[in-house]
Amino acid sequence: PEVCWPEITASVLPELAAWPEERRDEFLFRHAQLQRSIRPLPGAVETLATLLQQGLILGLCSNCQGYTLHEMRQAFAGTALTLDWFHPQLRFLSFQQGYGKPAPAAFHQLRESLQAMGIAPAETLMVGDRQDNDILPAQAVGWQTWLLKDKPPLPPDGGGWRQLLKFPGLQA
């Protein structure tokens, strides 16, 4: 099951429930920043921009919490990247669904959205950094896959963001 961090923190700190939502969200965001930070990997912004310019439709499939959207906006600041780059029907954010990757339902939901848009599974490429959460479940629904990996040995269908542009499935 998906972990809902606001519920967990409220069970430990019940006074949070009385806080205004904006203040509570800011607290959760700042708490998350103590543990980790997110940022686009080298080459990600440029590669995604190139793919958009080529007319490809981008989606986003992420295991995340509500504060992750705030983290993403902050991480994208100073770059051209925004959440708007990702098609609204192709955004799977686990905290909104109550379950996450690698649950088959996540991939089936996205496959149905793609199908409604006239995009076949074989025309879909999942780019992910984990075999278990991204690559194997995507292959199970018939998608092409790219394993983000910067260190050798590189898989045949994998490498960094910049190498992704050479993926045969992306060539017109």
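Just so it is clear, none of the values below were taken in a lab; they were calculated from the coordinates. No experiment lies behind these values; they were computed from the predicted model shown. Cβ atoms come from the backbone with ideal geometry, glycine included; neighbour counts cover every protein chain shown.
Structure data summary
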| quantity | calculated |
| --- | --- |
| Candidate aspartates and glutamates - alpha carbon under 15 Å from K151, same-chain residues fewer than 8 apart omitted | D129 |
| The chain - mean residue ellipticity at 222 nm from DSSP helices (-39,500 (n - 2.57) per run, n ≥ 4, rounded to 500) | -11500 deg cm²/dmol |
| Whole-angstrom gap from the stretch 1-37 to the stretch 115-169, using each part's C-alpha centre | 33 Å |
| Mean projected area (nm²) of the alpha-carbon convex hull when the stretch 127-172 is viewed from all directions | 3.2 nm² |
| Angle in degrees between helix 21-35 and the longest Cα principal axis of the chain, rounded to the nearest 10 | 60 degrees |
| Mean Cα-pair separation over length for the chain, i.e. relative contact order, pairs under 8 Å, 6 or more apart, % | 19 percent |
| Size descriptor, Kirkwood hydrodynamic radius, that averages inverse alpha-carbon separations across the stretch 70-172, Å | 14.9 Å |
| Protection proxy ranking of 88-100, 114-126 - average other beta-carbon atoms within 10 Å, highest first | 88-100, 114-126 |
| Tilt relative to the chain, helix 66-76 - C-alpha long axis, 0 to 90 degrees, to 10 | 60 degrees |
| Relative frequency of Cα-Cα separations exceeding 30 Å in the chain, percent | 22 percent |
